[in-house]
Structure formats: C-alpha cells, structure tokens
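Read the structure below first, then the notes.
Since every read-out is calculated from the coordinates, none of them should be taken as a lab result. Here the structure is a predicted model, which is why all the values come from computation and not from measurement. With ideal geometry, Cβ positions are generated from the backbone for all residues, glycine too; neighbour counts draw on all protein chains shown.
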Amino acid sequence: MATILLSAAGAALGAGFGGTVLGLSGAVIGRAIGATLGRVIDQRLMGAGSEAIEVGRIDRFRLMGASEGSAVPQLWGRMRVAGQVIWATEFQENTRRSGGKGAPRPRTTQYSYSVSLAVALCEGEITRVGRVWADGLEVAPTSLNLRIYNGSETQLPDPKISAVEGAGMAPAYRGIAYVVIEDLELSGFGNRVPQFTFEVVRPAQGAFADDVVDLPRAVRGVALVPGTGEYALATTAVHYSRGPGVNRSANVNSASGRTDFATSIDQLRAELPNCGSVSLVVSWFGDDLRCSVCNVQPKVEQTIYDGIGMPWRVSGLARSLAVEVPRLDDKSVYGGSPADRSVIEAIQALRSEGQDVMFYPFILMDQLPFNGLPDPASDAFDQPVLPWRGRITLAKAPGQAGSTDRTAAAEAEVAAFFGTAQPAHFSIVSGAVQYSGPVEWKYRRFVLHYAKLCAVAGGVEAFCIGSEMRGLTSIRGAGDSFPAVQALRQLAADVRGILGPLTKISYAADWTEYFGYQTGGDVYFHLDPLWADPNIDFIGIDNSVPPVLPDLTPPNHGVYPIVF
C-alpha cells in the first residue's frame, strides 16, 4: 500500500519540477523514488520482499522439576499423580523453511522444539493409565507418543532410552510404573514441557484368611447405570446441530475422542479383567403411583433438535411426538430414554467383548414438587417427589380407608397398569421394532418391546421382566389372589416366546419382597408361584447394601477380614 501511495506522490512532485535528467522526466524519477521508499515501509510492516524472517526461536527452556532422592509413592485404587521425571533427552530444535528465491513471500524459518522424557508414577504393578492432563487440561493419550510400563518385575528397557543411552546402559526400572513420552512437540505448550498429571489405577488388595484378595479381579459382574441418556449407550458418535456451525456432541465427552459407551467399556475391560456379565439398565418413565392411571413411556430431554447420525426412535415413537422429561431450574431431572438403535449397539458391543448381557428394564418415576397427584399411601395432596417404583400401588394403598385391596376392583386396577399389548403387536421393520397394538403406554408394552429389541440385537443371556415392584406384587384380589404375580407369570411366558429357551428369565425382587408378604399377622409366600413357574430360571433379588470397609488394624491372629 505504501509503495502505491508514495510512487504516486513522487510522480506528482517530480512533474512539478519539469525538465529531464538523463532523458527521464521529473515524474518518472519521482515515481521511482517514491516506490523505493514505499517498498521499504511495506517490508517492515507486512514482511513483503525477500528479507528472511525467523519465527518461534527461543533462548532458554523451563523444564518441570525432577528431585533426586524423592520418595517413590505407593497407591491403590484410582489416583491422579504427577510423578517424577526420571529421564529426558536434550531438546531437539526442528526447523521448517518456506518462501525465498522466486517466491512471492520472503524466506521464513519456523522453529519448533521437541523432547523425549520418562516419568515415574508409583511403586508396584498398576492396571492402567487412564486420563492424562497437561497444565491442568485433559489431553487425549492418543495425541501423545505414549508408552506405559506397568511396573512388573520383568519389564524391559524402553527402546528410546536404549537408543539414546546406548545398549546395556538403559535401566528397565523394574517394579516402578512409569511412562515414556517420545518426541513431545512443545509448540502447543509455549515451547516448554507442560506439567503432566496422570490418572493411575492400581488394584486394591486386602487379606482374607492369609490369602491376598485382588478386589478388581474378584468382581464377576456389574450393573451399567444410570439407564438414561438418549445416546449414552451408542457406539456411534452423535451430535445435535443447533444451526450452521453450532454443534454439540451428544455422546463424545472425553479426550479419548470415542463415544462415552466405548470409553467406559475399555475402562471396564482394563480395571475389572474378570468381569464377564453386565446388567444393561434401560429406563422408561412412570408418572403416577396409582397403578390404574400410571403411564410407563419413553421420554426425551428436548423435542426440537434430533441427533445427527442417529435420529431418536423408541417403540416407533419419534422425538417430535415424545414427552419431555420434567425439568427443574431449566434442567432435565433425568436423561432421556436411550434410543432403540443405541440399545442394539450396546448389546452387540458388550457381547463382542465377551460379556454376558442381562437386560434390565427399569421404571423411573418423575413426579416433581407440587404435582397435584393424590398420594395413595396418605391423605397428602401431592405424591412424593421422584418416588421409588416400589411404591406403585392401588389408588388407595392396602390398609388405607377406601382401598380396593382384596376385591375384584383391585384386580382391575392391576390389569390397567399392565395393559393389553401382545407379542403379535410387535414387528421388525428395517431393523427397528414397530408397535401396532392399542394406543397405550403400559407396562406390557414396555417389557415386550425390549424383549423384541433384544432379539433384533442377536439375543441376550438373561432378561428381567421387572424389578422391585413391591407395592404391586403385594396387592390382593378376590379370594386373596395376587393379580400382579399372575400378570408377571404371563409376561414371562410371552418373553420366553420371543427370546427362546436359551435366555434365562427372572424377576428382580426387592430384598424385602422376595421371601413373602406379611400383613395383619399373616404371611403369604406370594412370589412362590412366580419362582416355581417353568419360564422363570432363577430367583432374582435386588439388594443394595452400603459398603463395609475392613478394619485395617492388624489383629493378633494376623487375619484381615474383608466384607463384600
């Protein structure tokens, strides 16, 4: 810009003098002088021309400290540690040149720096290194040329350390868990080594009867909760688009770059290597403790933006027609029901990892404060907030004035809760389960839909037809029958017809429910007909107990009891 302006100004000034010099007019000479001055200014301001430019070179480095003689930490469980630098190379200066002769831009030399280093984490053999932070910000381990040495007594020297130090001169650091980061590019960290911290997992151990118990390896099965999240179970990455260039990930929320489900399964495999069974929890929502008017249906977190890569569909219901999960302070109280396709992906992914899958349909109650729904168990004008599904009962609970317990009317209330959906109402269309039965959101539709979905996914090893419906199973009909128990038996038969003889079927009874029902001095073994049903393969008990930690003070006899 200065070249153009000053050449024009010089031409005008030279023309004012008139005459010629060596055959050149004053205007031509003025333009040449102005252009020369302008070019110098342009080069200074914009880097134009052929002057060499150097970018990124620094004079000194700051390396995180490494203290000689520091204690080597011991840890158990999961802990975030910084570790100690135990080895590092000299800094490598790397150059990249561009421009120069004949190029429209000047020759530029770009400097960058890299270093290789080893960081000791702790004493003993670890299970894995999980997340990694650099200067407090999480980074993907895959973005680092990272090698992990678990601290075994047989580990070999790192090849990079051997190459630098020479054959036979590199220690193996046996018994020390450490990591090696090779050729760490420093430009992203201000040309310095960042302060790294690492999530380290080491098996917790205790002693029982003089034998060492490796708790992570003792775990054989886990429950996969919370059972909500529209795409929490998907192995496909899904995002919401809220306008041009405005996207929000639905299920990729870690530096691993993989879906949350895939990342969790990797952690399960690494931390619980002997786990061979997963209870896959999937939730629909109940809206009333009075069984006759309670709907059980899938819900979404919002109805406007659908998932890109996996539109939300559950039992033939699209997002735009679904009911939203209730909100408090403009936040959903639960995640939405998992999309059908995500459930299929989860089942197939778990089985491909060698896990047996027990499918566990789960009812979440979503009543909020001041809901205006009469409480069956009291005279309150509102039902409890987010109550337990085990409190679903008659319009007036047994023992309350006006209860229909022990009458045919109670049987009708229970029948209304289960609904009329039949296996024939479910079909498979383009790999999705479609429903063609009565327009209702009732319990049978909930369970039969997922039995059919499990069949589409290739089957599961076990299937629960319900869980912890203590209030329902204790309702008595005429002649002290138990209509909900009979309805569960029929449901077990229908699920058997869908999933076949190889799938184990049961009901997950509450721990206060499985052995009988006590009322008025009488004891009814009300679930015995269910446990004895030919379509029920085992007695299922849900028992949530608080963890009991061992007393680690050594007793006189030297035994360290562990209570599981």
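Dividing the convex hull volume of the alpha carbon atoms of the range 295-446 by its residue count gives 159 Å³ per residue.
List the pair-distance distribution P(r) of the range 355-408, using every Cα-Cα distance, as the percent of pairs falling in each 5 Å bin from 0 up to the bin containing the longest distance, rounded to whole percents. Once binned at 5 Å, the Cα pair distances of the range 355-408 give 4, 18, 21, 19, 13, 9, 6, 4, 3, 1. Label sites at VAL293 and ASP183, each approximated as a point 7 angstrom past Cα along Cα to Cβ, lie 7.0 nm apart.
What FRET efficiency would be calculated for the residue pair ASN274, SER378, taking the C-beta separation as r and a Förster radius of 60 Å, to the nearest 0.05? Using R0 = 60 Å, I get an efficiency of 0.80. Assuming charge only on the beta carbon of Lys and Arg (+1) and of Asp and Glu (-1), the dipole of the range 240-296 about its Cα centre is about 200 debye to the nearest 20.
Can you figure out the FRET efficiency of GLN110 with LEU137, using R₀ = 25 Å and their beta-carbon distance, to the nearest 0.05? For GLN110 and LEU137, the calculated efficiency is 0.55. Length available on full extension from VAL456 to SER544: 0.36 nm per residue minus the Cα-Cα distance, which gives 28.5 nm. Inter-label distance, ALA167 to TRP511: 6.3 nm, where each label sits 7 Å from its Cα along the C-beta direction.
For the pair ALA409 and SER430 in one chain, pulling the backbone fully straight at 0.36 nm per residue adds 3.3 nm over the alpha carbon distance. Computed extension length for PHE370-THR236: 44.3 nm, one decimal, from 0.36 nm per residue of separation with the Cα-Cα distance subtracted. Using a cutoff of 8 angstrom between alpha carbon atoms and counting only pairs six or more residues apart, the relative contact order for the range 343-442 works out to 14 percent.
Using only side-chain charges placed at the Cβ, +1 for Lys and Arg and -1 for Asp and Glu, the dipole size of the range 151-286 relative to its Cα centre rounds to 460 debye. Modelled spin-label separation between ASN247 and GLN490, with each label point placed 7 Å from Cα along the Cα-to-Cβ direction: 4.9 nm.
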